[in-house]
Amino acid sequence: MTRRPSLLHGTDLGLLIGGSLIAILGAVVFLAPTVLGIDGEAMAIDAILSPPTAEHWLGTDQLGRDILARTLIGGRSTLSLAAAATVLGVGIGALIGMVAGYKGGLLDELLMRLGDAVMALPSLILAMLVMVAVGSGPAAILMAIILIFAPRAARITRSVVLNVVNLEFVSAASVIGESQVSVIFREILPNIWPNLLVEACLRFSYAILIISALGYLGIGLQPPTPDWGLMISEAASYVTAAPWMLFGPAGAIVLSVVSVNLVGDFLQEWIGLRMRRAVSHV
């Protein structure tokens, strides 16, 4: 009997680990503070800079606030902003890329050159410029990350669309009278969504890092809202006296980014297998 090969061999474990970590992290961050009644602003004056104990699992900070509680509550804002920025940034970029790849010509050149101009600036510098111009707060962070992600998603989408737009089913849809909007959303989009999903995973991890970097620099989410980057910035002043202040926020950032990247690696391998099978059946 011929053994049927497994779908993705080595990446299955990565998907299992990454998906499980994302699910656990999301559940803990979004449910635990509400279910357990955790308060990230409660101060214990008699427990300032306390090391990890049974009462404070990750210790306390310079104001006697529980670091675990602040890490969990800070994760809500960080992960929510990262998810919203990823969906909007990749979504807007995908729309631009599909239009550019399908229409071609002068419109394609104009859209891509504008995107290149935006991508010429380093991501963090561009985010800082937006924050300086617009101000701090969640809306400004969201706007900055969308501006960073959209051109990159557009270029990736355009490159994939160029491989699809000349295929027979797209030409047939145009011949039978489907509108350009219908061709883009009913014929092209269903054939490129796996690539967009991989791009979204990659951008989500970048969004977490950008939000944390802005918080570390003091121009991201402002106190009293807990923020992973801001917590790391505060911990830097006490790294020798209270190194445990770093464990919560730094560990949360690493865990989030690694988990998403594991899922992204699985999806990328899955797309490669899908393409190889498609070629083999031609």
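Numbers for the structure displayed
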| quantity | calculated |
| --- | --- |
| Average accessible area per residue (Å²) across the chain - probe 1.4 Å, nucleic acids and ligands excluded | 52 Å² |
| Correct choice for Kirkwood radius over Cα pairs in Å that was computed from the model, options (i) 19.1; (ii) 20.3; (iii) 21.1 | (iii) |
| Accessible area of region 80-167 belonging to carbon and sulfur atoms, whole % at 1.4 Å probe | 75 percent |
| Phi-based couplings in Hz for region 196-209 (Karplus 6.51, -1.76, 1.60; Gly and Pro marked x) | 5, 5, 5, 4, 5, 4, 5, 5, 4, 5, 5, 4, 4, 5 |
| Distance (nanometres) between label positions extended 7 Å along Cα→Cβ at ILE17 and SER171 | 4.6 nm |
| Note, ³J(HN,Hα) from phi for region 146-152, Karplus 6.51, -1.76, 1.60, rounded to Hz, x at Gly and Pro | 4, 5, 6, 7, 4, x, 5 |
| Total formal charge among the other residues, if their Cβ is under 15 angstrom from that of THR86, Lys/Arg +1 and Asp/Glu -1 | +1 |
| Size of electric dipole in the chain: Cβ of Lys, Arg +1 and of Asp, Glu -1, about Cα centre, debye, nearest 20 | 900 debye |
| Most fluctuating residue given options SER171, SER233, SER123, as computed from a GNM of the chain linking Cα atoms under 10 Å | SER171 |
| Ranked by how many other beta carbons lie within 10 Å on average, peptides 51-60, 141-150 from highest | 141-150, 51-60 |
| From phi via Karplus (6.51, -1.76, 1.60), per-residue ³J(HN,Hα) for region 102-119 in Hz, x at Gly/Pro | 7, 6, x, x, 5, 4, 4, 4, 5, 5, 5, 5, 5, x, 4, 5, 5, 6 |
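The values are calculated or read from the model by the stated rules, or taken from the named source; none is laboratory data. All values derive from a computational prediction rather than experimental measurement. All Cβ positions, even for glycine, are placed from backbone atoms using ideal geometry, and neighbour counts span all protein chains on display. The protein model used for the area step is the full one, side chains on, heavy atoms only, and it has no ligands, DNA or RNA in it. Shrake-Rupley method; radii C 1.70, N 1.55, O 1.52, S 1.80 Å.
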